[in-house]
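Enquirer: For reference, the structure I am asking about is given below.
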Amino acid sequence: MTKKRLTWVDATKGFLMLLVVIGHYPKQLDYPLLTYIYWFHMPAFFVLSGLFFRPADSSTSMIQSIKKRSIQLLVPYIFFIFIITCLRYGLAFLTGHIDIEYYKHDLLTILFGGRFARGSYGVIWFITTLYFTYIAFLFVTRYLNRINQVLFITLCYIIAQLESFYVVNIVGGSVDEASQTILVPWNLDVVLIAIGYFAIGYFAKEIFLHIKLPLWITCTSISIMAMRLTWNEELDYHLSMKFIRYSHPILDIALPIAFLVMIFGLFQFISKYIRLKVLEFIEMHSITIMYLHISVDKLINDFIEYELLGYTLICLFIPLIISVFMQRFMPYATLLMGNFRFKKVARS
C-alpha cells in the first residue's frame with residue numbers, strides 16, 4: 001500500500017466522519033440531504049474496513065487479530081461510555097434528578113446498546129456491529145472456501161432483508177420504534193447486512209483502490225440520477241442500518257456502492273495533486289469526534305443558538321481539542337483511544 005493511497009483513504013474517512021456529525025444535526029435538514037447521507041455514509045465504513053481486512057492463516061494469527069480488534073474497538077467503547085455516563089449522571093444529580101428507577105432503566109439501556117441507546121449514545125451501535133462483523137468475517141474467511149463464503153454472506157443478506165421487511169411492513173410506524181420490537185443487544189442483527197458491505201470491500205479491493213474512469217463516470221451518473229429522482233419525489237428510497245431499514249434488496253447494494261465509487265474516485269484523483277490535511281486531521285481524531293459530538297451539542301445548545309454550520313464547527317472543534325489534549329497529557333491515551341500498536345506475530 002503506497003503512502004499516496006493511504007492519504008486518500010484518510011481524507012475519505014475524515015469526510016465520512018464529517019457526514020456523521022452532520023447526520024446528527026438536531027434540527028431539520030433541508031430535504032433530502034439527510035436521505036442522501038444515509039444512503040452511503042455508514043455502509044462506507046464497513047466497505048473501507050473490508051478493504052484493509054487481512055484473513056487469518058493460522059490459529060495464532062486469528063487469536064492475535066481478535067485481541068487487536070478487541071483493544072482497538074472495545075476499550076474506547078467502554079472508556080467513552082463511562083465518561084459520557086458519569087457526566088450525564090453528574091449533571092442530573094446537580095439539577096435534582098434523583099429517581100433511582102430512571103437510572104436503573106437508563107443503565108440497562110446503555111448496556112443493551114445498539115439501537116436502544118439513544119441521545120448521547122446514538123453512535124455506539126456502529127462499534128459493536130463493526131466488531132462482530134469483523135470477527136464473523138474472520139471466521140468465514142478462515143473456515144469456508146470462496147464459494148461457501150459467498151453463499152453464507154448471501155444468506156445473511158436475505159435474512160437481513162426479511163428482518164427489515166418485518167420491521168417496516170409488518171410492525172410499521174416509526175422505524176426507530178418498530179426496530180426496537182426486535183430485542184437483540186448491540187445491534188448484532190445488523191451484522192447480517194454489514195458483513196455484506198464488508199465482504200464487498202474485501203472481494204472488490206482492487207477495484208476500489210484503483211477506480212477506473214469509465215466505472216467512475218457510470219457510478220457518478222447513477223448517483224446523480226438517484227439524487228435527482230429523490231429531489232423530484234419520484235424515488236422514495238431510504239437506508240438506515242441502525243434501525244434495520246433496508247428498503248430495496250437491489251438498491252441497498254447498488255446505491256451505496258455507486259456513491260462510494262464516486263467518492264473514492266474523487267478523493268483518489270484530488271489526492272494525486274494536493275493533500276487534504278484538514279480531513280486527514282479529522283480522521284486522526286475520529287474516535288473522539290464520533291463518541292463526543294452528540295454530547296457536545298447537548299451541552300452547548302442550551303447556551304448558544306446555532307444553525308448547521310455553527311453546529312458542525314462546534315461539534316468538530318471541541319472534540320478535536322479534547323482529543324489532542326488526551327493524546328498529549330493523558331496516561332494510556334493510545335490505549336483508551338484505540339491507537340494501541342501490537343508487535344507482529346510470526347505466522348505458522
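Enquirer: Arrange the residues Thr12, Thr95, Thr334 by how much accessible surface each exposes, largest first, with a 1.4 angstrom probe.
Expert: Of Thr12, Thr95, Thr334, the descending order of accessible area is Thr95, Thr334, Thr12.
Enquirer: With contacts defined as alpha carbon pairs under 8 Å and 6 or more residues apart, what's the relative contact order of the chain in percent?
Expert: 35
Enquirer: Springs between alpha-carbon pairs under 10 angstrom, Gaussian network model over the chain: which of Thr181, Thr230, Thr288 fluctuates most?
Expert: So, out of Thr181, Thr230, Thr288, the one fluctuating most is Thr181.
Enquirer: Can I ask one more? Could you order Met241, Met330 by accessible surface area, starting with the largest, using a probe radius of 1.4 Å?
Expert: Largest to smallest exposure gives the sequence Met330, Met241.
Enquirer: Taking the full set of protein chains and a 1.4 angstrom probe, give the accessible area of Trp8 in square angstrom, rounded to the nearest 10.
Expert: 10
Enquirer: Let me ask another. Probe 1.4 Å, all protein chains in place: accessible area of Lys27 in Å², nearest 10?
Expert: 90
Enquirer: Report the Cα centroid-to-centroid distance between the stretch 307-342 and the stretch 134-212 in angstrom, as an integer.
Expert: 30
Enquirer: At 1.4 Å probe size, put Ser323, Ser70 in order of accessible surface, largest to smallest.
Expert: I get Ser70, Ser323, largest accessible area first.
Enquirer: Provide the descending list of Cα extents for the stretch 159-273 along its principal axes, expressed in whole angstroms.
Expert: Projected onto the principal axes, the Cα atoms of the stretch 159-273 cover 49, 34, 21 Å.
Enquirer: Here is a further query. Kindly report the accessible area of the chain per residue (heavy atoms of protein chains, probe 1.4 Å, no ligands, DNA or RNA), in Å².
Expert: 52
Enquirer: Can you grab the distance from the C-alpha centre of the stretch 78-101 to the C-alpha centre of the stretch 13-50, Å, no decimals?
Expert: Between the Cα centres of the stretch 78-101 and the stretch 13-50 lies a distance of 28 Å.
Enquirer: Over 28 Å apart: what share of the alpha carbon pairs of the chain falls there, rounded to a whole percent?
Expert: 46
The values are calculated or read from the model by the stated rules, or taken from the named source; none is laboratory data. No experiment lies behind these values; they were computed from the predicted model shown. The protein model used for the area step is the full one, side chains on, heavy atoms only, and it has no ligands, DNA or RNA in it. Shrake-Rupley method; radii C 1.70, N 1.55, O 1.52, S 1.80 Å.
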